[in-house]
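Novice: Dumping the structure here so I can ask a few things about it.
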Amino acid sequence: YFYENSNNCINCGIKFGDYHCSICNLWMSDDEKPYHCADCGFCRVGGAENFQHCHDCGMCIDRTLYDNHNCKVGKYKSNCPVCQEYLFSSRSASHEMPCGHAIHWDCFRQLAAHDSRCPVCKKTAETKERMMPTWNAMAAGVALQPVPPELTRVVNIQCNDCEEIDYGRAWHFLGVQCRNCSSFNTVVDRIVMSGEEAHNFLEAMVQREQFSAPFDLDAPASSNSRRRVSRRRSHI
């Protein structure tokens, strides 16, 4: 027998749990550092000294991230987009993606193994700093693997990250990089032309860019001389 809201047996005095919450009627080990959050209305784990409650988000936020977290009303009062568990009452750790959507940390790690986009809005789920090495490697792959003329396409794209629209871009099977934010998280909005017509159009664009390139005073004289000759020939 034990008294209501007691952590000890009335007969032998044995302690039922290292942690006891008289509000939630909860008895458990202290290994996970449980604490009661009055604003959440129930007990959480991780240590009260490590978390601060955000009244806008309606959630306890890690103190090291609190000052810079993306505050959004009701962000955690939704289901995890992967496992569909209710985030607010879940005991699993949550993760906030740069787009502002929340997800379980374990679900995020599994998702990141095969897709780097948010399941909700399709924006990149990692920061730009973390993604730049990957994007640079993809850009190098695009440069090393030119598309054959018969498979060439000129496309209009939209970036999922910055939402910019770009026109007359060269399609590549590895992806088309956004010129505004450097992201490869883009989608083809329209195929403008394909095949030899697209190949000739892109070749003309390259020649136009070379023709309008500034004269490099630091380059060797022979290099500038060749550039002047090629310009005269293209002009003729």
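Novice: Among what's in region 138-151 and is touching a residue at least 12 places away in the same chain (Cβ under 8 Å) and open to solvent by less than 80 Å² (accessible area, probe 1.4 Å), pick the residue that is farthest from HIS101 (Cα to Cα).
Specialist: Filtering first and then ranking leaves PRO149.
Novice: So which pairs qualify, if the first residue must be in region 1-22 and more than 18 Å from VAL45 (Cα to Cα), the second must be open to solvent by 100 Å² or more (accessible area, probe 1.4 Å) and modelled with pLDDT of 70 or more, the Cβ gap must be under 8 Å, and the two must be at least 6 apart or on different chains?
Specialist: As it stands, the answer is TYR1/ASN11; ASN7/LYS15; ASN8/LYS15, since those pairs meet every condition given.
Novice: Within region 49-80, track down each residue that is open to solvent by less than 50 Å² (accessible area, probe 1.4 Å) and aliphatic (A, V, I, L, M).
Specialist: MET59, ILE61
Novice: A follow-up question, please. Can you list the strands (runs of 3 or more DSSP E) found entirely within region 143-200 that contain at least 2 residues being more than 28 Å from GLU129 (Cα to Cα)?
Specialist: 153-159, 186-194
Novice: So VAL154 fits all but one of (1) under 30 Å from HIS69 (Cα atoms); (2) crowded, with 16+ Cβ neighbours inside 10 Å; what number is the exception?
Specialist: All conditions are met except number (1).
Novice: Residues in region 81-101: is at least one in contact with a helix residue (DSSP H, G or I) (Cβ under 6 Å, 6 or more places away or on another chain), open to solvent by less than 30 Å² (accessible area, probe 1.4 Å) and over 28 Å from SER183 (Cα atoms)?
Specialist: no
Novice: Would you check if LEU217 is buried (at least 16 other Cβ atoms within 10 Å of the Cβ) and at pLDDT below 95?
Specialist: On the way: buried (at least 16 other Cβ atoms within 10 Å of the Cβ): no; at pLDDT below 95: yes.
No; evaluated as a whole, the condition is false for this residue.
Novice: Which of the residues that make up region 71-82 are closer than 24 Å to PRO34 by Cα and either hydroxyl-bearing (Ser, Thr, Tyr) or assigned to a loop (DSSP other than H, G, I, E, B) (or both)?
Specialist: Those that are closer than 24 Å to PRO34 by Cα and either hydroxyl-bearing (Ser, Thr, Tyr) or assigned to a loop (DSSP other than H, G, I, E, B) (or both): GLY74, LYS75, TYR76, LYS77, SER78, CYS80.
Novice: Considering only residues that are part of a helix (DSSP H, G or I) and surrounded by fewer than 16 Cβ atoms within 10 Å (Cβ to Cβ), which ones fall in region 109-137?
Specialist: Once the filter is applied, which keeps residues that are part of a helix (DSSP H, G or I) and surrounded by fewer than 16 Cβ atoms within 10 Å (Cβ to Cβ), region 109-137 yields ARG109, GLN110, ALA112, LYS128, GLU129, ARG130, MET132, PRO133, THR134, ASN136, ALA137.
Novice: If you take the residues of region 157-174 that are under 19 Å from ALA198 (Cα atoms) and surrounded by 19 or more Cβ atoms within 10 Å (Cβ to Cβ), which of them is nearest to the chain's Cα centre (by Cα)?
Specialist: The extreme case among them is ILE157.
Novice: Moving on. Hey, can you tell me all the residues within region 182-206 that are modelled with pLDDT of 95 or more and buried (at least 19 other Cβ atoms within 10 Å of the Cβ)?
Specialist: Matches in region 182-206: SER183, PHE184, ASN185, THR186.
Novice: SER6 versus (1) open to solvent by 30 Å² or more (accessible area, probe 1.4 Å); (2) modelled with pLDDT under 90; (3) more than 30 Å from ASN185 (Cα to Cα): which is the lone unmet condition?
Specialist: Result: SER6 passes all but (1).
The values are calculated or read from the model by the stated rules, or taken from the named source; none is laboratory data. What you are looking at is a predicted structure, and each value in this text was computed from that prediction instead of being measured. Quick reminder, even Gly has a Cβ in these numbers, built from the backbone with ideal geometry, and neighbours come from all protein chains shown. Just so you know, the surface numbers come from the protein's heavy atoms only, side chains and all, with ligands and any DNA or RNA stripped out. Shrake-Rupley method; radii C 1.70, N 1.55, O 1.52, S 1.80 Å.
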